[in-house]
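Structure record follows, encoded as structure tokens.
The values are calculated or read from the model by the stated rules, or taken from the named source; none is laboratory data. These numbers were taken from a predicted model, which means no experiment stands behind them. Please note: Cβ atoms are built from the backbone with ideal geometry, for glycine as well, and neighbour counts cover all protein chains shown. SASA here: full protein model, heavy atoms, side chains in, ligands and nucleic acids out. Shrake-Rupley method; radii C 1.70, N 1.55, O 1.52, S 1.80 Å.
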Amino acid sequence: IGADETFNGTWPFKPNFTEAPGFRMHYVDEGHGEPILCLHGEPTWGYLYRKFIGPLSRTNRVVVPDHMGFGKSETPQDRIYTLRTHVENVTALINELELDDITLVIQDWGGPMGGALLATMPDRVKRVFVMNTLVYPFCDTAPHFDKLMSSNWFRFVNSDVHEPVLRNLGYTTLSVMKLMGFQNGSNITDDWVRAYSAPFETTEECIGAVEFPLDIATGRFPYLDQPSEELVERVKAKPAMLANGMKDRAVPPEVSIGTFREAFGNQPVVELTNAGHFCQEDAPETLIALIQEFVQSR
């Protein structure tokens, strides 16, 4: 995607780039104050948070990176696309921007990335706002694995059509998002479709999306050591909130809610009845209000 592409004004944010992770990584950096770091998963990019950036940046510094192989970031073909490398990339960005007292806003693969950041730099994270994901390694994935694998999404990931479909995301992005639980069809416009399809013009550019789910399906996902009891208690004491789209077809709600309870105890859970996996698309106004209140009160 061109650096100055706005998709007909629906993505009006100044592009920023860093080479700190070893490739050209794009990120949005708007506003001032305590940083809110918004992490996307697949097959999305920072565009998923387009409605959040303006309101949240009135009181906070909002940083929204595009992971390697997504959005306006480069898609190097000589890099390994695993959770570990994506975490290393985000860590390099955090260090370059000198972010502290971070509010993590995490969904999909942003959840395990956020969990890894909590494990490796807990002093830099102040609060955690979770949506439709699990915060590994601060939960035990084993009891939830069968339920996770039974979802529409992971049955697809373990099928023979997984790679052919994801290698053609330039044409199949909307279908993949619907498979995962996208609900709000009123958002769909030509600009919306073009924005989500644009990173994936060639099969080579789809490598990030193809590789992400294989971390779980092939067992290379749990790369971090089990956190110490002291670290578990430190993380559990941080302010946290879960807002969960209950029509999720990728991460079953009982998995998201159950693993959140393991990681953060009896902290607030908000069930979004009519939202799915991409709750940022399905219920943006509700989520923005929840994040604003969460940051101000916790």
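Quick check for me: using +1 on Lys/Arg Cβ and -1 on Asp/Glu Cβ, what's the dipole size of region 201-298 about its Cα centre, in debye to the nearest 20?
Here the size comes out at about 440 debye.
Summing Lys, Arg as +1 and Asp, Glu as -1, what charge do residues with Cβ under 15 Å from the Cβ of ARG61 carry, ARG61 excluded?
It works out to a net charge of -2.
Can you tell me the dipole magnitude for region 1-76 around its Cα centre, using point charges on the Cβ only (Lys, Arg +1; Asp, Glu -1), in Debye to the nearest 20?
240 debye
Would you mind calculating the relative contact order of the chain from Cα pairs under 8 angstrom and at least 6 residues apart, reporting the percent as a whole number?
Values: 563 pairs, mean separation 59.8, N = 298.
Relative contact order comes out at 20 percent.
Give me the percent of DSSP beta bridges within the chain that run antiparallel, rounded to the nearest 5.
Just about 25 percent of them are antiparallel.
Using a 1.4 Å probe and counting only protein heavy atoms, arrange THR141, THR85 so the residue with the most accessible area comes first.
THR141, THR85
Cα centroids of region 242-273 and region 77-132: how far apart, whole angstrom?
The two parts, judged by their Cα centres, are 19 Å apart.
Summing +1 for each Lys or Arg and -1 for each Asp or Glu, what net charge is found among the other residues whose Cβ lies under 15 Å from the Cβ of TRP11? List each step's numbers first, then the result.
Details: positive: LYS14, ARG50, LYS51, LYS72, ARG194; negative: ASP4, GLU5, ASP29, GLU30, ASP66, ASP190, ASP191, GLU281.
Cβ neighbours under 15 Å give a net charge of -3.
List the lysines whose Cα sits under 18 Å from the Cα of LYS247, skipping any in the same chain fewer than 8 residues away.
LYS247 reaches LYS147, LYS178.
Using a Gaussian network model of the chain with C-alpha springs under 10 Å, which one of TYR171, TYR196, TYR136 is most mobile by mean-square fluctuation?
Highest fluctuation of the listed residues: TYR171.
One quarter of the convex hull surface, Cα atoms only: what value does that give for region 66-164 in nm²?
Seen from a random direction, the Cα hull of region 66-164 projects 7.7 nm² on average.
Over region 86-245, what is the relative contact order in whole percent, taking alpha-carbon pairs under 8 Å and six or more residues apart?
On the way: 159 pairs, mean separation 45.1, N = 160.
That works out to 28 percent.
How large is the Kirkwood hydrodynamic radius of region 189-234, counting all unique pairs of alpha carbons, in Å?
For region 189-234, the Kirkwood estimate is 13.9 Å.
What are the aspartates and glutamates whose alpha-carbon lies under 15 Å from the alpha-carbon of LYS236, with same-chain residues fewer than 8 places away excluded?
List returned: ASP123, ASP140, GLU262.
If you rank ASP29, ASP101, ASP160, ASP66 by how much accessible surface each has, with a 1.4 Å probe, what is the order from largest down?
Working: ASP29 45, ASP101 75, ASP160 145, ASP66 0 Å².
Highest to lowest solvent-accessible surface, that is ASP160, ASP101, ASP29, ASP66.
Just want the answer: with Cβ charges of +1 for Lys and Arg and -1 for Asp and Glu, which residue in PHE70, LEU48, ASN60 is farthest toward the dipole's positive end in region 39-79?
Going by the Cα projections, it comes out as ASN60.
Which net charge results when you count Lys and Arg as +1 and Asp and Glu as -1 among the other residues whose beta-carbon is under 12 Å from that of PHE200?
-2
Kirkwood Rh and Cα-based Rg: tell me the resulting Rg over Rh for the chain, rounded to two decimals.
A ratio of 0.92.
In vacuum, with every alpha carbon of region 96-239 counted as one equal point scatterer, what does the Debye formula give for log10 I(q)/I(0) at q = 0.18 Å⁻¹? Two decimals, please.
Ignoring solvent entirely, the Cα scatterers give -1.16.
Taking LYS72 as the anchor, which lysines have their alpha carbon closer than 19 Å to its alpha carbon, excluding any fewer than eight residues away along the same chain?
Of all the lysines, those that pass the test against LYS72 - Cα under 19 Å, at least 8 places apart if same chain - are LYS14, LYS51.
Sort ARG124, ARG249 from largest to smallest accessible area, using a 1.4 Å probe on the heavy atoms of the protein chains.
If we order ARG124, ARG249 from most to least accessible, we get ARG249, ARG124.
Two decimals is fine: what's Rg over Rh for region 87-142, C-alpha atoms, Kirkwood radius as Rh?
Taking Rh as the inverse mean 1/r over Cα pairs, Rg/Rh reads 0.95.
Report the Cα centroid-to-centroid distance between region 6-51 and region 145-218 in angstrom, as an integer.
Region 6-51 and region 145-218 have Cα centres spaced 20 Å from each other.
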